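The values are calculated or read from the model by the stated rules, or taken from the named source; none is laboratory data. Nothing here was measured: the structure is a model prediction, and the numbers come from that model. Because the Cβ atoms are built from the backbone with ideal geometry, glycine has one as well, and the counts that use them run over all protein chains shown. For the accessible areas, the whole protein counts, side chains as well, though only heavy atoms, and no ligand, DNA or RNA atoms are used. Shrake-Rupley method; radii C 1.70, N 1.55, O 1.52, S 1.80 Å.
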Protein chains: 2
Amino acid sequence: MYRTHTCGELRIDNVGQSVTLAGWVQRVRKMGGMTFVDLRDRYGITQLVFNSETNQELNERANKLGREFVIQIVGTVNERYSKNANMPTGDIEIIVNELNLLNASDVPPFTIEDQSDGGDDIRMKYRYLDLRRSCVRKNLELRHKMCIEVRNYLSDLGFLEVETPMLIGSTPEGARDFVVPSRMNPGQFYALPQSPQTLKQLLMVAGFDRYFQIVKCFRDEDLRADRQPEFTQIDCEMSFVTQEDIIQTFEGMAKHLFKTLRGVEINEPFLRLPWAEAMRRFGSDKPDMRFGMEFVELMDTLKCGTFPVFDNATYIGGICAPGCAVYTRKQLDQLTDFVKRPQIGAKGLVYARVQEDGSVKSSVDKFYTPEQLDALKQKMDAKPGDLILILSGDDTLKTRKQLCELRLEMGERLGLRDKNKFALLWVTEFPMFEWSDEEQRLMAMHHPFTHPMDEDIALLDTNPSAVRADAYDMVCNGIEVGGGSIRIHDPKLQAKMFEILGFTPERAQEQFGFLMNAFKYGAPPHGGLAYGLDRWVSIFAGLDSIRDCIAFPKNNSGRDVMLDAPAAIDQKQLDELFLKVDLTEENA
Amino acid sequence: MYRTHTCGELRIDNVGQSVTLAGWVQRVRKMGGMTFVDLRDRYGITQLVFNSETNQELNERANKLGREFVIQIVGTVNERYSKNANMPTGDIEIIVNELNLLNASDVPPFTIEDQSDGGDDIRMKYRYLDLRRSCVRKNLELRHKMCIEVRNYLSDLGFLEVETPMLIGSTPEGARDFVVPSRMNPGQFYALPQSPQTLKQLLMVAGFDRYFQIVKCFRDEDLRADRQPEFTQIDCEMSFVTQEDIIQTFEGMAKHLFKTLRGVEINEPFLRLPWAEAMRRFGSDKPDMRFGMEFVELMDTLKCGTFPVFDNATYIGGICAPGCAVYTRKQLDQLTDFVKRPQIGAKGLVYARVQEDGSVKSSVDKFYTPEQLDALKQKMDAKPGDLILILSGDDTLKTRKQLCELRLEMGERLGLRDKNKFALLWVTEFPMFEWSDEEQRLMAMHHPFTHPMDEDIALLDTNPSAVRADAYDMVCNGIEVGGGSIRIHDPKLQAKMFEILGFTPERAQEQFGFLMNAFKYGAPPHGGLAYGLDRWVSIFAGLDSIRDCIAFPKNNSGRDVMLDAPAAIDQKQLDELFLKVDLTEENA
């Protein structure tokens, strides 16, 4: 061992001991005849002292040390004259009597500090240096701890972690697969799993009863902000359970994690919101419940035959932003621009200020009487000083989603989305299907193995689009952190589901035959859920992006800029796989 | 929840309780007016009783249950009249008063019993049924427990589990990569990692200090017996350590695993054998130390100018098989055939029996005097009744490997390779390089990042093939379960290593530039090792094959016969990847 102690552990009690430390040079400061070196490792920083009066040669060598040099020193722990209460080792310093240079370093391309001068691109290229910054390393320490806690929690409940294969078959349903050509089976391809969904269901058929896995999954999607082509799931499945059992189990896990990782005690059961209610009250299937500002439907209040925009609307809804009546014209224009951005797509924004005297002053004053505006105020339960913001449209779902974006924006502006506050809930009773304009058919909102709610099964024949799924999402701070469902275990119901989804029996057999065959041999009732680990960690870490919870993330083109992957491969490799690259001109 | 208890937990104390169970029908037996059903789940088997006198309708329904039907029952726990001491629930039975069929089952294609009538192929095709057999499930439970123990052990020592990416760059050095075409980067490919070797070294450069990961790795090799294209590694790396620190750490982990998983206490330090000694004494770099039968070199004893075969040999070695002098001519012929098999390749086998009177009778009697044969006996330390087996050849290494196979065969025949006995050791001081006839150059025996032993560094310039590596393998019962090395952290030494391995500076930069660049910024001294988890579990489980430690293994053609993967993919998928499959006639 190159050291007797780490750079984070020496304290006043160690004074007088001879110690050996190893680590990286964080900083060298020369003060008169003394040289102070901050020595850093994963565990902390310890101050080293060199004195030219005691040992000039050593002091000179210390002065030549550069940032990020790797050194080993031997010295004696000394009580500091001026202590530093901001660091755990701040009471002591090391009087060095031996210095070994283990490795030199070029000048790093950015500073290894929490507040670094490096931009995103250069930090990713030199990720191994970026990871030296304690703020980044801490996220990965948190990730490690979370995985240990999850594993021990589930293992104690009798869950078995089972590794499912990474080289499986491709299923064109759903997102795009990454495929892997098979050399031993020329012309054939494996696919990397988008999730172990069917495999964990097979484990239930196999009687494994309680399964989990923290597992890499892959989706070849055009990467929107903060998506990664490879991501990690906490994947779980249980047999002989109902939705209630699964919710209890994983609500327990979430509470355990908040307690052990963040010191947050959550004693009450999580709120449960049916999907329809979540959409009505918040315009979202993952509402941020850290703050109120619920939607108020204003069809009765504002459809008065006086304002054509509202009169033609199929939905009018408002939110009340407390204390925002003081917003300037410029601020209101910004909000209007915000909702009119193509990503949101509203046509305009109507506002109404509640003045100090209780009167209402709105952007549509000329269409409404003061009494009508007062009714609006009453309906919105708005107080003097509040700002009422109203959207309308001819598509209820779309308008609600626009209003949701506005609500989140106002929550942000009002500082109501505190990263240290956690609002958890379950959203339930999702629609089973959603209509796809592109495919001109119903699509499974979750996946084709989702069980309908028992009371809606009869509707499968008469009105499938009204069927609700026995599905549930766990939502935290406006982010879906996990979701799942009770699965179909009856082969006949599964066959009907494929039929509704427009699968021919042949195609269903071709793609999911292995699962449907397995279901012939005694499938138990089962269900489960999966958490997005990267996202879950980022919430615990208080981060906006998942990137810094991942050791070596990829950029938005799916590239690892540090490894410079993907890259061209040798012709020999292609030949062995019987593949030819056939680029179009624009790609060549 | 569909049950109040599992099928493995009810005991005599529960008598009188009303319970609900759910599980699979293992067996239905009709005895007079009674019907007995064995109900099975992951946790055990509980006997259900139906009585036609009490409830004829229920009894009739019970009689119609088939094997592997999934049922739920409600009943009362009753003390059995004739108890079954062989099963934990054998003191009780359930008097059933409600029976719900949850799912029927086709007749399974093989019996769900430890001794199944299903062959390997059908068991793999219906792996979800095979996994219902408790002997198979137990292996996966063991695997789960081992992973939990490994993680907690290492985490307690400050190791962080860090997930490294699965989509990396291809490195033609070493085994063949599986590649993954990138749609977003047309004509470019990711590779799946053969191991996270370079990434964990980058984590050391990043100051992570102690890293581990239980991680899937991939190798596109022609599958020899008991290899899988995807396999799992326990991958570890530490900074500021020497070989001794790594050996101490992981010897501790191995002892912990044997204690917690097998109840085996290992108190002594593991034996350490330098590679050269292991080869000399056992002809193997992974000797099975559960038994002796060490090699005795016989050059001085048998090179007498009388027997041309030995006179021309560069190596003559023997082993002494205790009590085997009674072997018949037929048995000896079998042994001769064994060593002459192409996989072993010896030219012949010389034997010598030590008779009860102490005289020696050998297959080469005519070439040697009784005195010379007596000297052989002395040299071999053979006792009356022992059988001396001798191989010779003109290639010392090859002949030793042949003699190793013979030693293992004799150990097997003599029952000395007991699966419940564990002999662990470290093999150290491996050669740094081995000569490749195919490539006509030195190849790294481990990998190009392995550090030479300090005392041999000077030999790199003068006699590289004599350089020993600072590498170590952990061997258990003749199987390499783990191995690793101290890595090079000095960029200059790394560059020299690439040079010796025949890399041009350009090619080294192209393939490993990211690592060599990283080493410019203060790489700490570091080293690590990796265990083959599948193999490690199979040893703990007492299995010959790794297959039954893997939930969904592939066959020797790399196929998952259950999923029927790999398979052809849609033209649309190929088009999106700008790929064309170009089969030769024989593959089309």
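Numbers for the structure displayed
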item	result
Cross-chain or 6+ apart pairs with Cβ under 9 Å, region A:57-76 first and outside the structural domain of A:GLU98 (by TED's automatic domain parsing), then crowded, with 16+ Cβ neighbours inside 10 Å and not in a loop (DSSP other than H, G, I, E, B)	none
Qualifying residue in region B:511-528 (condition: at pLDDT 95 or above, more than 14 Å from chain A (Cβ to nearest Cβ) and outside any helix (DSSP H, G or I))	yes
In region B:551-588, residue nearest to the other protein chains (Cβ to nearest Cβ) [restricted to those that are basic (Lys, Arg) and outside any loop (DSSP other than H, G, I, E, B)]	B:LYS580
Set B:LYS366, B:LYS379, B:LYS340, B:LYS398: member being touching a helix residue (DSSP H, G or I) at 6+ places or on another chain (Cβ under 6 Å), open to solvent by 30 Å² or more (accessible area, probe 1.4 Å) and in the same structural domain as B:TYR315 (by TED's automatic domain parsing)	B:LYS379
A:LEU408 being part of a helix (DSSP H, G or I), among the hydrophobic types (A, V, I, L, M, F, W, C) and either open to solvent by 40 Å² or more (accessible area, probe 1.4 Å) or farther than 30 Å from A:ASP337 by Cβ (or both)	no
Among the candidates A:SER485, A:SER545, residue that is more than 8 Å from chain B (Cβ to nearest Cβ) and in a loop (DSSP other than H, G, I, E, B)	A:SER545
Residue selected from region B:147-166 under the condition of a type in the set (Val, Ile, Thr) and either within 7 Å of chain A (Cβ to nearest Cβ) or open to solvent by 30 Å² or more (accessible area, probe 1.4 Å) (or both), by the criterion nearest to the chain's Cα centre (by Cα)	B:ILE148
Answer residue from region B:37-53, given it is open to solvent by 30 Å² or more (accessible area, probe 1.4 Å) and in a strand (DSSP E or B) and is farthest from the other protein chains (Cβ to nearest Cβ) among those	B:ASN51
Selection from region A:318-337 of residues that are surrounded by fewer than 20 Cβ atoms within 10 Å (Cβ to Cβ), within 25 Å of A:LYS398 (Cβ to Cβ) and touching an Asp or Glu at 6+ places or on another chain (Cβ under 7 Å)	none
Flag for B:THR314 being closer than 26 Å to B:ILE479 by Cα and hydroxyl-bearing (Ser, Thr, Tyr)	no
Hits in region A:1-25 (condition: outside any loop (DSSP other than H, G, I, E, B) and within 11 Å of chain B (Cβ to nearest Cβ))	A:THR20, A:LEU21, A:ALA22, A:GLY23, A:TRP24, A:VAL25
Those strands (runs of 3 or more DSSP E) lying entirely in region B:208-277 with at least 3 residues open to solvent by less than 40 Å² (accessible area, probe 1.4 Å) and in the same structural domain as B:ILE168 (by TED's automatic domain parsing)	B:210-218, B:230-239
Selected residue (criterion: farthest from the other protein chains (Cβ to nearest Cβ)) from residues of region A:180-191 that are buried (at least 24 other Cβ atoms within 10 Å of the Cβ) and not small (Gly, Ala, Ser)	A:PRO181
Scope region A:169-179; condition of a type in the set (S, T, N, Q) and facing chain B (nearest Cβ under 7 Å); matching residues	A:SER170
Residue count, region B:192-202 (criterion: more than 7 Å from chain A (Cβ to nearest Cβ), part of a helix (DSSP H, G or I) and in contact with a helix residue (DSSP H, G or I) (Cβ under 9 Å, 6 or more places away or on another chain))	2
Pairs, first in a loop (DSSP other than H, G, I, E, B) in region B:77-97, second open to solvent by 10 Å² or more (accessible area, probe 1.4 Å) and among the β-branched types (Val, Ile, Thr), C-beta under 8 Å, six or more apart	B:MET87/B:ILE45; B:THR89/B:ILE45; B:ASP91/B:ILE12
Within region A:483-509, considering residues that are among the polar types (S, T, N, Q) and over 19 Å from B:TYR2 (Cα atoms), the one surrounded by the most Cβ atoms within 10 Å (Cβ to Cβ)	A:GLN494
